[in-house]
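The values are calculated or read from the model by the stated rules, or taken from the named source; none is laboratory data. Please read these numbers as outputs of a predicted model, since none were measured by experiment. Quick reminder, even Gly has a Cβ in these numbers, built from the backbone with ideal geometry, and neighbours come from all protein chains shown.
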Amino acid sequence: MTKARRIVQFGCLGLVLGGVFAAGANCERWCPFGGVEALYTYASEGNMLCSLGTSNFFILGGVLAMTLLLRRAFCGYLCPLGTISEWLHGLGRRLHLPEIRVGPKLDRVLAALKYVVLAIILILTWRAGELIFRGFDPCYALISRHGTDITYWAYVVAGAVAVASLLMITPFCRWFCPMAAVLNPLSRFGLTRVTRDAEACVDCGLCSKNCPAAIPVDQLPQVNVARCLSCLNCVESCPVGGAEGDSPIFAARKSGQSPGKSRGAEGDSPIFAARKSGQSPRKSGQSPRKSGQSPSPSGALHWGPPKRIGRRWSQAALIAILLCCTTAAVAASYMFPMPSFVKSHGSPSAQVATVHLRVENLTCRGRANLFFYFLERDDLFEVPGYFKVEAWPGPGLADVDVTFDPAATDEEAIKQAITEPYYDAMADFWRNSPFTIEGYDPLMPGGALDSPGVPEPSP
């Protein structure tokens with residue numbers, strides 16, 4: 001189970017880092033928390049925050065869907081920061097660094113801080129119209145290309161998270177992550193859960209010890225805790241399993257002893273020997289299970305949906321659901337593209353027409369507002385009547401749809417308004433347009449680069 005999860009974690013982390021540093025991609029457009037940050041601005045103004053795109057909404061929807069099915073499996077399998085934090089904790093154990101564990105009461109107090117962090121981020125972001133959290137985001141310190149848009153505070157926070165992760169189990173994820181605060185209300189009602197068979201449990205505590213979310217699994221009949229990552233470490237570490245005749249646990253129970261409570265000398269107990277070495281007895285080689293016999297699913301812990309649906313699911317089903325939700329979200333963002341900038345002028349008329357343009361230098365939200373500013377000009381190239389701009393800002397050529405009243409203006413007038421210099425009478429200066437339109441030259445008759453009847457320039 002651990003090996004399969006490590007493969008998924010490594011693959012996702014490699015995809016993110018490869019996309020950023022090898023392909024030069026903007027991974028912020030695929031961050032689910034970006035969808036949370038941009039939601040208010042898009043709903044109220046019709047445009048996205050800089051560096052984000054409507055793909056953030058699709059990936060957020062995919063993560064919310066997987067959370068309703070698998071609880072916070074996104075954090076345990078796909079989140080780059082969660083992966084690194086968990087790996088650093090494992091490194092701390094190998095280096096024999098002291099491990100800091102907090103009590104249940106303090107843990108509950110610290111866990112509430114992530115909701116405060118979420119509220120502060122959203123309020124400041126929605127008021128400023130900018131990604132305020134970016135300057136302190138440890139994940140952005142990982143996925144940025146370390147340009148001028150990143151502050152040293154992001155590195156400070158990332159360093160603090162790294163050091164704390166060596167000594168504690170995923171501290172940022174448990175106590176401060178704003179995305180965890182978004183997912184927790186849904187995760188609490190997730191379909192799947194780990195169920196503990198109290199009759200089979202021997203109270204060895206290995207399940208709780210191996211939980212990266214510090215959940216007291218050995219004290220719960222069902223793990224309905226919102227922070228459960230569905231990592232299945234607890235199921236894998238449980239020493240109760242296999243055929244009853246081959247299991248030392250069931251053998252002890254059959255003889256009338258309680259291997260979890262009536263132990264005798266620690267040196268004679270497979271449970272204590274495994275706990276002392278930090279391993280499960282099933283891994284320590286002390287189980288007398290016959291060679292080549294695989295563990296039976298009949299154990300003290302199992303993972304799956306409620307009994308009426310199927311009770312036991314394999315980890316393969318979990319990974320398949322993760323991949324399906326992620327793939328569906330990415331595919332939907334391409335199949336149903338939503339403009340990341342929408343703005344209109346005037347009231348729509350009975351009949352409208354739309355011109356599709358590919359525009360150079362329409363790179364961000366600020367440039368999209370400048371584009372709209374040129375269309376709202378009040379000089380010789382003024383565009384009369386109603387118009388609406390739907391744009392997909394980005395590097396290179398950006399797609400733009402301009403809807404207009406064909407009775408009041410035409411495509412040529414719109415293209416001229418976008419590309420011609422604009423005299424701002426209020427400021428008393430000329431503003432040159434930074435935009436060029438693919439296939440259009442304002443100096444050519446009719447504007448078309450391949451306009452018929454225009455002689456080719458002599459060499």
Return the only residue of Leu370, Leu380 being touching a residue at least 60 places away in the same chain (Cβ under 8 Å) and either surrounded by 18 or more Cβ atoms within 10 Å (Cβ to Cβ) or not hydroxyl-bearing (Ser, Thr, Tyr) (or both).
Leu370
Could you go through region 303-317 and let me know if any residue there is more than 30 Å from Leu70 (Cα to Cα), in contact (Cβ under 8 Å) with a residue 60 or more places away in the chain and in a helix (DSSP H, G or I).
no
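Can you tell me which residues in region 11-30 are of a type outside the set (Lys, Arg) and either touching a residue at least 12 places away in the same chain (Cβ under 8 Å) or touching a Gly at 6+ places or on another chain (Cβ under 8 Å) (or both)? It would help to see each step written out before you state the result.
Initially, region 11-30 is screened for residues of a type outside the set (Lys, Arg), giving 11-28, 30.
Matches in region 11-30: Cys12, Leu13, Val16, Leu17, Val20, Phe21, Gly24, Ala25, Asn26, Cys27, Glu28, Trp30.
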How many residues, within region 122-135, are touching an Asp or Glu at 6+ places or on another chain (Cβ under 6 Å) and part of a loop (DSSP other than H, G, I, E, B)?
0
Evaluate region 42-53: report whether one residue or more is crowded, with 19+ Cβ neighbours inside 10 Å and part of a helix (DSSP H, G or I).
yes
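Against the condition closer than 26 Å to Phe429 by Cα and either assigned by TED's automatic domain parsing to the domain that holds Trp430 or among the polar types (S, T, N, Q) (or both), how does Pro384 come out, does it pass?
Details: closer than 26 Å to Phe429 by Cα: yes; either assigned by TED's automatic domain parsing to the domain that holds Trp430 or among the polar types (S, T, N, Q) (or both): yes.
Here the answer is yes, as Pro384 does meet what is asked.
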The lone condition Tyr77 fails out of (1) at positive phi; (2) hydroxyl-bearing (Ser, Thr, Tyr); (3) outside any loop (DSSP other than H, G, I, E, B) is (1)
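How many residues are part of a strand (DSSP E or B) and of a type outside the set (Gly, Ala, Ser) if we restrict to region 328-355?
Start the filter on region 328-355 by keeping residues that are part of a strand (DSSP E or B), which leaves 341-345, 353-355.
Those left that are additionally of a type outside the set (Gly, Ala, Ser): 341-343, 345, 354-355.
Residues flagged as part of a strand (DSSP E or B) and of a type outside the set (Gly, Ala, Ser) within region 328-355 amount to 6.
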Answer yes if at least one residue in region 174-193 is surrounded by fewer than 20 Cβ atoms within 10 Å (Cβ to Cβ) and among the hydroxyl-bearing types (Ser, Thr, Tyr), and no otherwise.
no
How many residues, within region 97-152, are at pLDDT below 85, in contact with a Lys or Arg (Cβ under 9 Å, 6 or more places away or on another chain), buried (at least 17 other Cβ atoms within 10 Å of the Cβ) and farther than 14 Å from Phe33 by Cβ?
1
